[in-house]
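Novice: Could you have a look at this structure, given as structure tokens, before my questions?
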Amino acid sequence: MLLYTAKDFKSDQYVRWCPGCGDHGAIGSLQKAMAEIGVDPNQIAVISGIGCSSRLPYYMNTYGFHTIHGRGAAIATGVKVANPDLMVWQITGDGDCLAIGGNHFIHSVRRNVDINVLLFNNEIYGLTKGQYSPTTKKGFATKTSPFGTVERPFRPAELTIGSRGTFFARALDVDIRTSVDVMIAAAKHKGTSVVEMLVNCIIFNDGAHGWLASKEHREDRMIVLKHGEPMIFGKEKNKGLVMDGFTLKVVTIGENGISKEDVLIHDCTCHDSTIHQKLALMEGPDFPIAMGVIRSVDEESYDEAVYNQVAQIQKVTKVKTFEDLLATLDTWEM
Amino acid sequence: MSDKMNFIEKEHVVIRFSGDSGDGMQLTGTLFSNISAILGNEISTFPDYPSEIRAPQGTLGGVSGFQVHLGSSRVYTPGDEADIFVVMNPAALKVNVKGIKKNGIIIFDIDSFDDKHLEKAGFTTDNPFEELKLSETIQLIPVKLSSLTKESLKEFDFDFKTMARSKNMFALGLICFLFNRSIDHATHFLETKFKKKPDILKANTKVLVDGFNYGQNIDASISIFQVNKSQCIKPGTYTSISGNKAAAWGLIAASQKTGLQLFLGSYPITPATDILQELSERKDLGVITVQCEDEIAGITTAIGASFAGNLAATNTSGPGLALKSEAIGLAVMAELPLVIINVMRSGPSTGMPTKTEQTDLLQALYGRNGESPVVVLAASTPDNCFHYAYMASKIALEYMTPVILLTDAFIGNGSSLWKLPKLSELPEISIPFVSAEMKGKIKVTSRNDGNMVRYWAIPGMEGFAHRNGGLEKDYDKGAISTDPANHQKMVTARQTKVNNVSELIPELVVEGSKDASLLVIGWGGTHGHIISAINSLKKEGEKVALAHFNYINPLPKNTVEIIKQYKKVVVCELNSGQFATFLRSKVEGVAFCQYNKVEGQPFTVLELKECFKKYLEE
């Protein structure tokens, strides 16, 4: 019996995202995940920057703070370090997180602050009505790239792992079960958990993830990775991933002498990030897109380290009060 | 002590130590100041150093100086000109030539006045004193500082560099002799400083003693200066404190008083970094510091910490304040308590990072988008940075608003005597937390009708979950709103709340001759120079009044009333007239005159006296 239901995390505000926007699915998954974790809504702080996705805190019946463009990671860092008892979520989009907020993003990941980042990646600027973002595919025509972008996009997984990230997961907006699962895993992970939510912008970039999202092909085009399980996917559950030299390769079980035992077993806890990065960067049409928890490595979180150091010093210091502090000065009587 | 010596009693003496930035002038100056303070002198100090850590040796760009003013009566400034100038090389002489009193004494390291060093400093003859037209009035005392130090250390197995580094201690020993000061206190300070480096400690102590003894052996024509104990100091326990340290400790005191955890989000920037460093030391008192990736993260982590219920602060200097402006607007809109300490330096842009100015006032008051009122305070002495950092915290917490505290490089780096405070005697801080009865009844925007301050619910409290943010909110419901009339109402509410801070701040008190016809107006770190000029004029029979502001927005309630009492009003500030501009918008019908200087240097007492005399004669 769950203590809470998804409804307990819904605020009374009318949700103003466009009908058909991928964010609807994502927030539903978040509320469901929170209910499944069983955390008191009063102990949750949901922090966001600016953009469509950043409106999310208003729709949550938790503590929330809708801040300024790009700064969500820094504000969330402040919240978590100031009060480590809170469960802190940062809601951000590809523009907010990777353009204006890129610096704060890489540094919060580097520090490993115990926050859960939901990066809603729709590969477009929605709230400003259709300009290209740092994840827009090269060549894509938008209002500010009428002849196609000439920029190389960021790949959030690469940036996360490059920033020494300890957790990276991915889910598709319409795949509620995987979304809920990765959000629960993100919440449980100690440190910065980056969850890339592939969301659809029905108005300005409809079908950005269409290759993957179509129900008909989804099982052949994505692989949901699970720790300790073989990397098998496909409608027939007969495709697998193996290492071929330094690269991954898709194989068909039962063909060319390949058996189930030849397929790689997923280990998201491995400190070496090489395979995680290879998995996270797989692209169609030759490879399936990796979903689920790709990397989840145990390391001390920043907030934990901060308070451990304080505790260590406080154990040995004679300075317990302001008066004690004054007593450390070179003073003289006049 | 040799009885051949002359004793000269002085009420005030200014000493300037100057040399290469690696010569240890800051340490020498600090030690001598502290020794003098312990012996009962009033002190005011001013370190003047280049932004280059180690500019090429012997060049003009690498000169680092430290000035201290000792007095047996009130000392307000580090002094305009030095009576005694201790100079380690020709470059230091050249850079400081304007700051030496006409009949002053120059003690110089003759070893460093060789052809090579003279050339590096751009002298064209072998007599730099003549070249600078100093020879006639100034008493020169050549000392072979480098070779005497080397001689003193010959029993140690030190390399040349280490030996050369100790010559500042030889100079300190000599100065201690010249001021009839025992070197015991200096040895004590050295013991603390070099606790972990016994060799260095031994060497420095040896050189110090030899420097002192050298004084006894030199020519009897040198006088011993006697600066007596000050009788103006209130009895109590004192230390010497810099403005930056005092500001950091003011925040700590507010945190201890309220029981709120202190959080500082910061990014290193000259001349404000000391505050971050000072607070990073205070893990013992549970202070949390985050050295961020940039200035914006400095303030936004602090805003996050404030949202989460800490006493949150950030510190910076001009360019950093510019980067923080958008976030300050968020704190205004979200009505969260936040202390922003801005240690002003010379601008615009990177400007002259180590030099002092008061050029950020209008930025602090107005440098944001939208109608965005904040409280602005300014500390005026190194020691009262403590008080104003405490008051900034009190106002931020009691009024749920960002408060900008302006200090500057001059008072931030300078030191003065500080009478140790008692936590119990500091003003109470009462925080508008939500109460249990409010559960379920209030919104994020609910305010106290009396002072217009909103109530504070901290995440984690049951029954008060709310959403805050930078979007305009409905006055009653707290939900986001774009209703035109509601926006007007919210703008007015936020402004009224800041205006109401005038209920808390003390009234303006006029110093100097209250019945004068000329009122001088100053604010922030210029107080010492202005009051010194006014006191000096008083001795000459001239009457000048001073209204010095520490509370700038809102202004003290009696501001208009006081200003209107005077026939002539001159606003003195280290910018092109920013406070004068502000006052013109607040006080109608007064023709404010201005005295401005933007040279990256403090006022001199002399120039202020000349300015005031001019207005008195008009």
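The values are calculated or read from the model by the stated rules, or taken from the named source; none is laboratory data. Here the structure is a predicted model, which means the values were calculated and not measured. In this analysis, Cβ positions are derived from the backbone assuming ideal geometry, glycine residues included, and neighbour counts consider all displayed protein chains.
Novice: Consider A:Asp23 against the criteria (1) closer than 20 Å to B:Gly470 by Cβ; (2) in contact with a helix residue (DSSP H, G or I) (Cβ under 9 Å, 6 or more places away or on another chain); (3) more than 12 Å from chain B (Cβ to nearest Cβ); (4) surrounded by fewer than 23 Cβ atoms within 10 Å (Cβ to Cβ): it satisfies all of them except one. Which criterion is unmet?
Specialist: Every condition holds for A:Asp23 apart from (4).
This table checks each residue for (1) more than 26 Å from the chain's Cα centre (by Cα); (2) in a helix (DSSP H, G or I).
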position	(1), (2)
B:Lys557	yes, no
B:Tyr566	yes, no
B:Val570	no, no
B:Val590	yes, no
B:Val598	no, no
B:Leu606	no, yes
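Novice: Among (1) of a type outside the set (A, V, I, L, M); (2) surrounded by 24 or more Cβ atoms within 10 Å (Cβ to Cβ); (3) in contact with a helix residue (DSSP H, G or I) (Cβ under 6 Å, 6 or more places away or on another chain), which single condition is B:Arg368 missing?
Specialist: Of the numbered conditions (1) of a type outside the set (A, V, I, L, M); (2) surrounded by 24 or more Cβ atoms within 10 Å (Cβ to Cβ); (3) in contact with a helix residue (DSSP H, G or I) (Cβ under 6 Å, 6 or more places away or on another chain), the odd one out for B:Arg368 is (2).
Novice: Among (1) more than 30 Å from A:Pro153 (Cβ to Cβ); (2) of a type in the set (Ser, Thr, Tyr); (3) buried (at least 18 other Cβ atoms within 10 Å of the Cβ), there is one condition A:Thr317 misses while meeting the rest; what is its number?
Specialist: (3)
Novice: In region A:40-97, which residue that is of a type in the set (Asp, Glu) and part of a helix (DSSP H, G or I) is nearest to the other protein chains (Cβ to nearest Cβ)? Let's see the steps before the verdict.
Specialist: In the first step, residues of region A:40-97 are kept if they are of a type in the set (Asp, Glu); the result is A:40, A:85, A:94, A:96.
Keeping just the survivors that are part of a helix (DSSP H, G or I) gives A:94, A:96.
Working: A:Asp94: 20, A:Asp96: 13 Å.
Filtering first and then ranking leaves A:Asp96.
Novice: Another question, if that's okay. Residues that are surrounded by fewer than 18 Cβ atoms within 10 Å (Cβ to Cβ), touching an Asp or Glu at 6+ places or on another chain (Cβ under 9 Å) and modelled with pLDDT under 95: find the strands (runs of 3 or more DSSP E) completely inside region B:1-117 holding 1 or more of those.
Specialist: On the way: elements: B:6-9, B:12-20, B:42-48, B:63-71, B:82-87, B:100-109.
By residue number, B:12-20, B:100-109.
Novice: Run B:Ile224 past the list (1) within 30 Å of B:Ile431 (Cβ to Cβ); (2) touching a strand residue (DSSP E or B) at 6+ places or on another chain (Cβ under 7 Å); (3) not polar (S, T, N, Q) and report the number of the one that doesn't hold.
Specialist: Failing condition for B:Ile224: (1).
Novice: What is the one condition in (1) on the phi > 0 side of the Ramachandran plot; (2) in contact with a Leu (Cβ under 8 Å, 6 or more places away or on another chain) that B:Leu190 does not satisfy?
Specialist: Just one mismatch for B:Leu190, condition (1).
Novice: Something else: Applying the selection to region B:397-417, what residues are under 20 Å from B:Ser33 (Cβ atoms) and either within 14 Å of another protein chain (Cβ to nearest Cβ) or not in a strand (DSSP E or B) (or both)? Before you say what the answer is, go through the steps one by one.
Specialist: Start the filter on region B:397-417 by keeping residues that are under 20 Å from B:Ser33 (Cβ atoms), which leaves B:407-417.
Listed by number, the residues that qualify are B:Ala409, B:Phe410, B:Ile411, B:Gly412, B:Asn413, B:Gly414, B:Ser415, B:Ser416, B:Leu417.
Novice: Moving to a separate point now. Return the residues of region B:322-335 that are more than 7 Å from chain A (Cβ to nearest Cβ), free of Cβ contacts under 8 Å to residues at least 60 places away in the same chain and of a type outside the set (Gly, Ala, Ser); say none if nothing qualifies. Spell out the reasoning first.
Specialist: If we filter region B:322-335 for residues that are more than 7 Å from chain A (Cβ to nearest Cβ), which is where we start, we get B:322-325, B:328-329, B:331-335.
Restricting the remaining residues to those that are free of Cβ contacts under 8 Å to residues at least 60 places away in the same chain gives B:322-325.
Correct list: B:Leu323, B:Lys324.
Novice: Is there a residue in region A:99-122 that is part of a helix (DSSP H, G or I), buried (at least 23 other Cβ atoms within 10 Å of the Cβ), in contact with a Leu (Cβ under 9 Å, 6 or more places away or on another chain) and in contact (Cβ under 8 Å) with a residue 12 or more places away in the chain?
Specialist: Yes; the residues of region A:99-122 include at least one that is part of a helix (DSSP H, G or I), buried (at least 23 other Cβ atoms within 10 Å of the Cβ), in contact with a Leu (Cβ under 9 Å, 6 or more places away or on another chain) and in contact (Cβ under 8 Å) with a residue 12 or more places away in the chain.
Novice: Scan region B:536-559 and report the pairs whose first residue is in contact (Cβ under 8 Å) with a residue 60 or more places away in the chain and over 16 Å from B:Ile521 (Cβ atoms) and whose second residue is aliphatic (A, V, I, L, M) and surrounded by fewer than 19 Cβ atoms within 10 Å (Cβ to Cβ), with Cβ atoms within less than 7 Å and a gap of 6+ or a chain change.
Specialist: Listed pairs, sorted by first residue: B:Glu542/B:Leu616.
Novice: Now a separate question. Search region B:259-286 for residues being acidic (Asp, Glu) and in contact (Cβ under 8 Å) with a residue 24 or more places away in the chain, and hand back the single one that is nearest to B:Leu423 (Cα to Cα).
Specialist: Here is the first cut: in region B:259-286, the residues acidic (Asp, Glu) are B:274, B:278, B:281, B:284.
Keeping just the survivors that are in contact (Cβ under 8 Å) with a residue 24 or more places away in the chain gives B:274, B:278.
Details: B:Asp274: 23, B:Glu278: 19 Å.
Restricting to residues being acidic (Asp, Glu) and in contact (Cβ under 8 Å) with a residue 24 or more places away in the chain, the top hit is B:Glu278.
Novice: A further question on this structure: Looking only at residues in region B:231-268 that are closer than 27 Å to B:Tyr76 by Cα and touching a Cys at 6+ places or on another chain (Cβ under 6 Å), which one is nearest to the other protein chains (Cβ to nearest Cβ)?
Specialist: Restricting to residues being closer than 27 Å to B:Tyr76 by Cα and touching a Cys at 6+ places or on another chain (Cβ under 6 Å), the top hit is B:Ala246.
Novice: Further, regarding this structure: Within the bounds of region B:171-191, is there any residue that is part of a loop (DSSP other than H, G, I, E, B), in the same structural domain as B:Leu397 (by TED's automatic domain parsing) and surrounded by fewer than 22 Cβ atoms within 10 Å (Cβ to Cβ)? Spell out the reasoning first.
Specialist: Initially, region B:171-191 is screened for residues part of a loop (DSSP other than H, G, I, E, B), giving B:179-183.
Okay, now just the ones that are also in the same structural domain as B:Leu397 (by TED's automatic domain parsing), so none.
No, region B:171-191 contains no residue that is part of a loop (DSSP other than H, G, I, E, B), in the same structural domain as B:Leu397 (by TED's automatic domain parsing) and surrounded by fewer than 22 Cβ atoms within 10 Å (Cβ to Cβ).
Novice: Another question about this same structure. Given the criteria closer than 30 Å to B:Gly40 by Cβ, at the interface with another protein chain (Cβ under 9 Å from one of its Cβ atoms), of a type in the set (S, T, N, Q) and out of contact with any Phe, Trp or Tyr (no Cβ under 9 Å at 6 or more places or on another chain), does A:Thr317 qualify?
Specialist: Values: closer than 30 Å to B:Gly40 by Cβ: no; at the interface with another protein chain (Cβ under 9 Å from one of its Cβ atoms): yes; of a type in the set (S, T, N, Q): yes; out of contact with any Phe, Trp or Tyr (no Cβ under 9 Å at 6 or more places or on another chain): yes.
Criteria not met by A:Thr317.
Novice: Same structure, new question: If only one of A:Asp12, A:Asp8 is more than 10 Å from chain B (Cβ to nearest Cβ), farther than 28 Å from B:Leu311 by Cβ, among the acidic types (Asp, Glu) and surrounded by fewer than 24 Cβ atoms within 10 Å (Cβ to Cβ), which one is it? Spell out how you get there, then give the answer.
Specialist: Working: A:Asp12 fails: more than 10 Å from chain B (Cβ to nearest Cβ).
Exactly one residue qualifies, and that residue is A:Asp8.
Novice: Can you list the helices (runs of 4 or more DSSP H) found entirely within region B:268-368 that contain at least 3 residues being over 25 Å from B:Trp249 (Cβ atoms) and assigned by TED's automatic domain parsing to the domain that holds B:Pro50?
Specialist: Details: elements: B:273-280, B:295-307, B:318-334, B:361-366.
Where helices (runs of 4 or more DSSP H) fall fully within region B:268-368, none carries at least 3 residues being over 25 Å from B:Trp249 (Cβ atoms) and assigned by TED's automatic domain parsing to the domain that holds B:Pro50.
Novice: Taking region B:139-152, which residues are over 29 Å from B:His69 (Cβ atoms) and surrounded by fewer than 22 Cβ atoms within 10 Å (Cβ to Cβ)? Give the steps one after another, and end with the answer.
Specialist: Restricting attention to region B:139-152, the residues satisfying the condition of being over 29 Å from B:His69 (Cβ atoms) are B:147, B:150-152.
Listed by number, the residues that qualify are B:Ser147, B:Lys150, B:Glu151.
Novice: Now, a different point. If I ask for residues that are in contact with a Ser or Thr (Cβ under 8 Å, 6 or more places away or on another chain) and of a type outside the set (A, V, I, L, M), which ones from region A:66-96 would you list?
Specialist: A:His66, A:Thr67, A:Arg71, A:Gly72, A:Thr77, A:Gly78, A:Gln90, A:Thr92, A:Gly93, A:Asp94, A:Gly95, A:Asp96
Novice: What is the residue count in region B:278-310 for residues that are more than 10 Å from every other protein chain (Cβ to nearest Cβ) and either buried (at least 23 other Cβ atoms within 10 Å of the Cβ) or more than 25 Å from the chain's Cα centre (by Cα) (or both)? I'd like the intermediate steps shown before the answer.
Specialist: Quick first cut of region B:278-310, residues more than 10 Å from every other protein chain (Cβ to nearest Cβ) only: B:278-280, B:291, B:295.
Adding the requirement that they be either buried (at least 23 other Cβ atoms within 10 Å of the Cβ) or more than 25 Å from the chain's Cα centre (by Cα) (or both) leaves B:279, B:295.
Within region B:278-310, residues that are more than 10 Å from every other protein chain (Cβ to nearest Cβ) and either buried (at least 23 other Cβ atoms within 10 Å of the Cβ) or more than 25 Å from the chain's Cα centre (by Cα) (or both) number 2.
Novice: Regarding region B:480-503, can at least one residue be identified that is among the acidic types (Asp, Glu), on the phi < 0 side of the Ramachandran plot, within 12 Å of chain A (Cβ to nearest Cβ) and in contact with an Asp or Glu (Cβ under 8 Å, 6 or more places away or on another chain)? Walk me through how you get there before you give the answer.
Specialist: Within region B:480-503, the subset among the acidic types (Asp, Glu) is B:483, B:503.
Now drop any that are not on the phi < 0 side of the Ramachandran plot, which leaves B:483, B:503.
Subsequent filtering for residues that are within 12 Å of chain A (Cβ to nearest Cβ) retains none.
Looking through region B:480-503, none of the residues is among the acidic types (Asp, Glu), on the phi < 0 side of the Ramachandran plot, within 12 Å of chain A (Cβ to nearest Cβ) and in contact with an Asp or Glu (Cβ under 8 Å, 6 or more places away or on another chain).
Novice: Does region B:454-479 hold any residues that are without any contact (Cβ under 8 Å) to a residue 60 or more places away in the chain and away from chain A (no Cβ under 14 Å), and which are they?
Specialist: Within region B:454-479, B:Tyr455, B:Tyr475, B:Asp476 qualify.
Novice: State the number of residues belonging to region A:34-56 that are over 16 Å from B:Gly460 (Cα atoms) and surrounded by fewer than 24 Cβ atoms within 10 Å (Cβ to Cβ). Even if it seems obvious, please write down each step before you answer.
Specialist: The initial filter retains those residues of region A:34-56 that are over 16 Å from B:Gly460 (Cα atoms), namely A:35-37, A:48-56.
Adding the requirement that they be surrounded by fewer than 24 Cβ atoms within 10 Å (Cβ to Cβ) leaves A:35-37, A:55.
Of the residues in region A:34-56, 4 are over 16 Å from B:Gly460 (Cα atoms) and surrounded by fewer than 24 Cβ atoms within 10 Å (Cβ to Cβ).
Novice: Within region B:418-444, work out how many residues are more than 14 Å from chain A (Cβ to nearest Cβ) and in contact with a strand residue (DSSP E or B) (Cβ under 7 Å, 6 or more places away or on another chain).
Specialist: So the answer is 3.
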